[in-house]
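The structure under discussion appears below in the form of structure tokens.
Here, each number is a calculation from the coordinates, and none is a lab measurement. The structure displayed is predicted, hence computed values, not measured ones. Glycine also receives a Cβ, built like all others from the backbone with ideal geometry; neighbour counts cover every protein chain displayed.
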Amino acid sequence: DGLNPSSLGQVSWLFKRITAAEYDLAVCSDPSSCPYFAMGDLRSGRQLLEDFAADARRTVRQMAESSRGSPVLRRIATALEHKCWRLEHRLSSEPADGGAAPAGAPAGRIPWLSG
């Protein structure tokens, strides 16, 4: 489950079916293993299941054009920038600095990525 670096240097996500309660527990114990939460979607497991059909119909264009969707897309973009930066940093020859973002890291504060 979660991020799985392969022996070929590739990265993939593994998923498994869980209950709403298991999702909520995972958010509390290991938020980085919950991609929706890690990208700023703070809904409970129950709410995610209830909203699934409506979420599946929503397009990026619709989100970008709405006052509610635009901030969501910005949070997703920021989360992806941080995730990519952290992955690139880990893969670089420089040793990690304990998680603190040095100069050049994406701006902004994402609570579940900071120590």
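How much length is gained if the chain between A53 and S92 is pulled fully straight, taking 0.36 nm per residue apart and subtracting their Cα-Cα distance, in nm to one decimal?
In short, 10.0 nm is gained.
For region 39-48, just list the computed ³J(HN,Hα) in residue order, Karplus coefficients 6.51, -1.76 and 1.60, θ = phi - 60°, integers in Hz, with x standing in for Gly and Pro.
Whole-Hz 3J(HN,Hα) from phi for region 39-48: 9, x, 8, 8, 5, 6, x, 4, 5, 4.
Starting from the Cα of R61, step 7 Å along the direction of its Cβ; do the same at E22; then give the gap between the two resulting points in nm.
According to this spin-label approximation, the distance is 3.7 nm.
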